[in-house]
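The values are calculated or read from the model by the stated rules, or taken from the named source; none is laboratory data. These numbers come from a predicted model, not from an experiment. Here the Cβ positions follow ideal geometry from the backbone for every residue, glycine too, while neighbour counts run over all protein chains shown. Just the protein is used for accessible areas: all its heavy atoms, side chains included, with ligands, DNA and RNA removed. Shrake-Rupley method; radii C 1.70, N 1.55, O 1.52, S 1.80 Å.
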Amino acid sequence: MNKLTKVEAIEKVKNELSKIDGKGKKNRTGRFVVSALSSIPWVGGVIAASSALHAEKEQGKINDLQRIWLEEHHRKIEELYYTIYQIQETLDNAGEEVQERMESEEYLALVRKGFKEWDNAETFEKKEYLRKLLTNASAINLSTDDLIQLFIEWISRYHETHFMVIREIYKNRGITRGQIWDNLNGTLPAENSLEADLFKRLIRDLSMDGIIRQERATDYAGNFIKKIY
């Protein structure tokens, strides 16, 4: 991540926040930024603590624990602001239909839910999934809002390895479990190994939740063809 770009991104987000007047009037971008920040409870505390920090520094009252806490949260808020900037920059360059979509309460609800899960995400990969999902969700015809809400919940619920399995199934129609394992690992494990048990668990999780299913033959109307033994 380019440091200069990151600093510029943070300043741009701060500039949007400064445009909000005392009556709460916000422009289109301001509504997006506020919706994202409002879903993360610690943001207000960090901003308030940062404002008080300068006065305490002058008086020599700041302690090591307070300094460490602020440094950690400043890192998190920089990451948050940069993510907001990445989405905002893409949407600002989109067409008028997307611009109108940004103002809708339906999209802002997705932003609030998405950033809430973004804050709880434990890995960079999950944060990227959510960033891309919220960016693509600005296209009205991409998918229904209910389905996007479900995607956000899936990102929160499942491990990245689950998504690796889903990706292989999506890319390779009719792929078998053995072929999925070969594509992901390459070395066939023993049936009684921990690796085999974990892989079975991944498949079982996705199958029981109805996300994947075994491929079956269908007729022209899409009805399953019963097997004749």
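A few notes on this one:
- The residue that is farthest from the chain's Cα centre (by Cα), among those in the stretch 75-120 that are open to solvent by 20 Å² or more (accessible area, probe 1.4 Å) and of a type in the set (Gly, Ala, Ser), is 95.
- Within the stretch 112-171, the residues that satisfy the criterion of being closer than 20 Å to residue 88 by Cβ and aliphatic (A, V, I, L, M) are 121, 130, 133, 134, 137, 139, 140, 142, 148, 152.
- Any chance residue 201 is over 23 Å from the mean Cα position of the chain (by Cα) and modelled with pLDDT of 90 or more: yes
- Tally, over the stretch 162-202, of residues that are among the hydrophobic types (A, V, I, L, M, F, W, C) and within 12 Å of residue 212 (Cβ to Cβ): 7
- Residue count for the stretch 121-138, restricted to those that are within 20 Å of residue 105 (Cβ to Cβ) and assigned to a helix (DSSP H, G or I): 5
- Residue match in the stretch 150-164 (condition: in contact with an Asp or Glu (Cβ under 6 Å, 6 or more places away or on another chain), in contact (Cβ under 8 Å) with a residue 24 or more places away in the chain and of a type in the set (Asp, Glu)): yes
- Residue 53 being part of a helix (DSSP H, G or I), at pLDDT below 60 and either crowded, with 18+ Cβ neighbours inside 10 Å or touching a Leu at 6+ places or on another chain (Cβ under 7 Å) (or both): yes
- Answer residue from the stretch 121-130, given it is touching a helix residue (DSSP H, G or I) at 6+ places or on another chain (Cβ under 7 Å) and open to solvent by 40 Å² or more (accessible area, probe 1.4 Å) and is nearest to residue 35 (Cα to Cα) among those: 129
- Filtered residues of the stretch 100-144 (kept if under 18 Å from residue 85 (Cα atoms) and of a type in the set (Val, Ile, Thr)): 111, 135
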